[in-house]
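Structure first, commentary second.
Values quoted throughout were computed directly from the atomic coordinates according to the rules given, and no laboratory measurement underlies them. Just so it is clear, the model here is predicted, and its values are computed rather than measured. Quick reminder, even Gly has a Cβ in these numbers, built from the backbone with ideal geometry, and neighbours come from all protein chains shown.
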Amino acid sequence: MLFAYDAAQRSANPAAPALGEPLVAAIATSEVATWPRSWVRSWVSAEVEVLVRMPWDSGPCARVLAQGSTVPGWLGAVLPPTRIWLAPLVALFAAVLLAMGPIVGRIRRLTEAVRRSASAGYASAVPIDGDDEVGQLARAFEAAGREVRAQLAAKDRREAALREFLANTTHDVMIPLTVLQGHLSELVEGASAGEAVDRGALVAAMGEAHYIAAIVHNLAVMAKIDADAPRLHREPVAMGVLVERVLARHRPIARRLQVELDGAVPESPLHVVADVTLLEQAVSNVVYNAIRHNRAGGHVAVVLEGIAGDRFRLRVVDDGPGVPADELARLVERGFRSDAARTRAPDGQGLGLHIAARVAALHGLELVFDGPPGGGLQVDFIGPRVCAEVADSTQEAHL
C-alpha cells in the first residue's frame, strides 16, 4: 500500500500509519529508507516499509511510504521468504518515484510562476524550460499571459485616452464658454435696459461659439485617431467639393474677423482615397488656424491643384504675422503654440495643427510648413490622387 506525507510527516489520509522514528531519522539523511514494520518479527518473515523522500519539501506528497510483506498472500507469495528478494523491488519503486521528481518539480515551479504572474497582473513572463510537454505547457501559459498583458495594456491606454479626453474637454471648453457667457450677459443687460443690440458683443459671442464647436470637433477626432488601431473609412473623395465645403463653413468666421478668404479648385474633378471626415477636419483646422491667427484686413487663400506624378497639392497660405523659422517644425506638436500665436489668440489650445499632422500621416500625405518671404504661413497637403475611372469604380464597389 502507498501513503503520502508532507515534510512534517503528516498525512491527509486518516488511514495512513504514523511513521516510526527509525524511518524518520533514516530519511533525514537518505532519499530512501527501509525498516521492518514489526520489531519483534525476525529477519526472515519481516513485513517491510519503504519511505522515499521526494525531490521537493512542499506539498502533501513530500514523502511516500510503501508497505509490503514477504509472506504468502502478497507479492511474497511467489518469492522466497527473505527480504533480500525485495531489494530489486525497493530499488525499482524508489527509482520510479525519484524519476518522477524532476518532472513534478518542474510542474510545481511552473505552477508557482503562473500564480506569481497572475497575482502581478501578468506583468511577469512565465519561464520556459525545455521542449518537452512541460515546456510546451509553459509556452502555452506564456502565450496566454502575453495576450492578457496586451489586452490589459490596451485597456489602460483606452482609459488614459478617455481621461485625457475629458480633461481636455473640461479645460479647453471652459475658457471660451466663460467668455461666451460674458458676451451674452452684456447683450441681456443691454436688452433689459432698452439699448440697441451691441453688434461687437454679438459678433464676439458668435466667434466664441464657433471656437467651442471647433474644439469639440477636434477632441472627437483626437479620441478617434488616438486609438491603438484607428479604423479609417477610406473612399474616393472629391477634393474640390471638400474644399468648397470648408470655404463655405469658414467664410462667416472670416467676415467677422475682417479677413478675406478666397479659394481656387481645378475644373476637372480631383479625387483622393481617404476618410472624408478626418481629412475634412484636418483641412478645416489649417484654414481656421490661418483665419484666427491673422489680423483685420488680412487674406487667406486655399488653392487645390494637381501636380506631376499623379499627385495633388492643397495649399493654405495667409499673410498674417507668420511663425519664426525655428518654430515651424514644432507647430505639429500637441499643445505647442508659438509666441505669436499666444499673442494673437491667448486662449488657443494648440491642438488643430497636431490633428492635421496626425490625419495626414494616417493617410500617407505630406504636411509641409513654410514661411513665405513676405510673412505669413504656408501649409501644403501633398499626396497621391486617383484618376476618375478608379474613383468611379471604387465608389461603385462601395454601393
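Taking label positions 7 Å along the Cα-Cβ direction at both Ser58 and Thr277, the computed distance is 5.3 nm, reported to one decimal.
In plain terms, the chain from Arg313 to Val368 could stretch by 18.8 nm, reckoned as 0.36 nm per residue minus the Cα-Cα distance. Each residue of the stretch 138-144 was assigned a 3J(HN,Hα) from its phi angle through the Karplus curve 6.51 cos²θ - 1.76 cosθ + 1.60 (θ = phi - 60°); the sequence is 4, 4, 5, 5, 5, 4, 5 Hz, with glycine and proline shown as x. Projected label points at Arg249 and Asp6, each 7 Å from Cα along the beta carbon direction, are separated by 7.0 nanometres. In percent, rounded to a whole number, the relative contact order of the stretch 140-229 is 37, using alpha-carbon pairs under 8 Å and six or more apart.
For the stretch 235-248, backbone phi angles converted through the Karplus equation (6.51, -1.76, 1.60; θ = phi - 60°) give residue-by-residue couplings of 7, x, 10, 6, 5, x, 5, 4, 4, 4, 5, 5, 5, 4 Hz, Gly and Pro being listed as x. Loop-located GluC sites (Glu not before Pro) in the stretch 242-272 (DSSP state not H, G, I, E or B) with no more than 11 neighbouring Cβ atoms inside 10 Å: Glu267.
Listed peptides 302-309, 365-372 appear in the order 365-372, 302-309 once ranked by packing, highest mean of other Cβ atoms within 10 Å at the front.
Treating r as the C-beta distance of Val197 and Lys155 and R0 as 51 Å, the FRET efficiency rounds to 0.45.
Extension gain, Ala26 to Arg115: 0.36 nm times the residue separation minus the Cα-Cα distance gives 28.6 nm. Residues whose amide H lies under 5 Å from that of Arg385, counting only those 5 or more places away or on a different chain, are Arg311, Phe312; hydrogens are built 1.01 Å from N in the peptide plane. Stretching Ile128 away from Leu177 to a fully extended chain increases their span by 11.8 nm, per 0.36 nm per residue minus the current alpha-carbon distance.
Please order Thr111, Thr34 by the number of other Cβ within 10 Å, starting at the fewest. Could the numbers behind the result be given before it?
On the way: Thr111 11, Thr34 20.
The most exposed by this proxy come first: Thr111, Thr34.
Short-range pairs are left out: with C-alpha atoms under 8 Å and at least six residues apart, the relative contact order of the stretch 156-299 is 24 percent. Of the trypsin sites (Lys or Arg not before Pro) found in the stretch 181-238, those in coil by DSSP whose Cβ has at most 15 other Cβ atoms within 10 Å are Arg231.
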